[in-house]
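Below is one structure; the comments refer to it alone.
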């Protein structure tokens with residue numbers, strides 16, 4: 001029998017973040033708006049976050065895209081990137097301008 005796989009540090013952060021208690025499966029939801037709403041709920045309910053709710057929610061999303069989701073298929077990455085704009089909309093922040 002092989003050794004059990006070690007849990008990656010990025011998975012530990014996503015599961016046991018000291019900033020937010022994420023709803024299960026938040027990053028696998030089908031619609032970017034659903035992802036953003038879930039992150040908003042988590043950020044606004046959290047008593048442990050060290051910054052504002054928008055910043056905490058966006059940080060967790062960016063972290064997942066950059067680390068835990070580094071091997072994501074292009075369609076999943078696009079869905080998560082769209083969730084960033086949805087999150088900005090929820091907090092009244094301007095959408096990011098597309099790169100030329």
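Taking square-rooted eigenvalues a ≥ b ≥ c of the alpha carbon gyration tensor, is region 16-100 rounded, prolate or oblate, where a/c under 1.5 means rounded and, failing that, a/b exceeding b/c means prolate? Oblate. In a fully extended conformation the segment linking residue 23 and residue 63 would gain 12.8 nm over its present Cα-Cα distance, using 0.36 nm per residue.
Once both labels are positioned 7 Å from their Cα atoms along Cα-to-Cβ, the gap between residue 50 and residue 91 label points is 1.6 nm. Each of 84, 93 has some number of other Cβ atoms within 10 Å of its Cβ, and from fewest to most they run 93, 84.
Quick note: the coordinates plus some simple rules give every number you see, no bench work behind them. For clarity, every value in this text was computed on a predicted model and none was experimentally measured. Neighbour counts are summed over all protein chains in view; Cβ atoms, including those assigned to glycine, are modelled from backbone coordinates with ideal geometry.
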